[in-house]
Amino acid sequence: MIHPAAVVEPGAELGADVQIGPFCHVKSGAVIGEGTVLDSHVTIFGNTTIGRRNRIAQGAVIGGDPQDAKFSGEPTYLYIGDDNTIREYVTLHRATGEGNATTIGDRNYIMAFVHLGHNGRIMNDVTIANGVGLSGHVTVEDRAVIGGLTGVHQFARIGRLAMVGGMSKIVMDCPPFMISGGIDQQVYDINAVGLRRIGIALEVRTALHRACKLLFKSSLTRGEALEIISGELQMHPEVQELIAFMERMRQGKNGRGDQR
């Protein structure tokens, strides 16, 4: 179903039951999976692959050139999975560096005016509220929630099941299972509501709360806190994940463990 006011260039590939609304522009080299809907005024650039049953709202620009002075026209990519909701005027850019890709997983809810920069990665079941800006090389892990009007620095990582408060300035990694945010990026407590919703047991939440107090609410150094956590707390998988995340931060640059 292609609206007569839409433009679908030769060389674009459309799966079964794709709907293209008025004034959309699908460029050559774009691939759109079955059941995906483009509402109106959506632009899909080449070297963009979109999976099945995605809903992309008015004015979104998907797969545009990266905003990177180093980009010189080399072939790069954007890959989007299945069952995502991408709301009005979202911009998702391809990567920089020949053969590299920006990637988005499955079942994410990306609200209006969100920007994902080049070489970024959004995993699965993530919620990103209106007006969030994710710089290049940012990673957002499964089930994270990012509040509106938040800005995230290059190479920062938002951990699994983390919650970031609205209007935050994120310049370092945000640890998994925690509520972080503010202009000074404080860690407040565990994301108790999110953990309960997916069935994380009380004893695991209690261990994570104790780890949070040692890491972020005590006068201990990060290394001292990790040593106590490793020696005294039960090593639930979630606690092990938190320890590994914090160790990566310690070994990274400026609190961003993914920097190369």
query = What's the angle, to the nearest 10 degrees (0 to 90), between helix 202-216's Cα axis and the longest principal axis of the chain?
reply = 80 degrees
request  = Could you pull out every one of the aspartates and glutamates with an alpha carbon less than 17 Å from that of Lys70, ignoring same-chain neighbours closer than 8 positions?
outcome  = Glu98
key: Under-5 Å amide H pairs with Ile104, H placed in peptide plane, nonlocal only   = Tyr79, Ile80, Gly81, Ile122
note = One would report the Cα pair-distance distribution of the chain, bin width 5 Å, in %, as 1, 6, 12, 17, 16, 14, 11, 8, 6, 4, 2, 1, 0, 0
inquiry  = What are the ³J(HN,Hα) couplings of the range 110-123, residue after residue, when phi is run through the Karplus curve with 6.51, -1.76, 1.60 and θ = phi - 60°? Round to Hz, x for glycine and proline.
reply    = 10, 7, 4, 6, 6, 10, 10, x, 4, 6, x, 9, 10, 7
ask   = So, in Å, what gap is there between the alpha-carbon centers of the range 223-239 and the range 113-167?
value = 27 Å
Nonlocal amide H pairs with Asp189, under 5 Å, H built at 1.01 Å = Ile179
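When the dipole is taken about the Cα centre of the chain, and only Lys, Arg (+1) and Asp, Glu (-1) are charged at their Cβ, what size is it in debye, to the nearest 20?
Roughly 580 debye, rounded to the nearest 20.
Please order Tyr79, Tyr109 by the number of other Cβ within 10 Å, starting at the fewest.
In order of increasing Cβ crowding within 10 Å: Tyr109, Tyr79.
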ask   = Given the rule -39500 (n - 2.57) for each run of at least 4 DSSP H residues, summed and divided by the residues of the chain, what is its mean residue ellipticity at 222 nm, to the nearest 500 deg cm²/dmol?
value = -5500 deg cm²/dmol
note = When Ile229, Ile110 are ranked with the fewest other C-beta atoms within 10 Å first, the list becomes Ile229, Ile110
message = Check which residues have an amide H placed less than 5 Å from His25's amide H, if you skip close sequence neighbours.
response = Val7, Val42, Thr43, Ile44
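Every number in this text was worked out from the coordinates using simple rules, so none of it is lab data. This one's a predicted model, so the numbers in the text were calculated from it and none came from an experiment. Every residue, glycine as well, gets a Cβ built from its backbone with ideal geometry; the counts of neighbours run over all protein chains shown.
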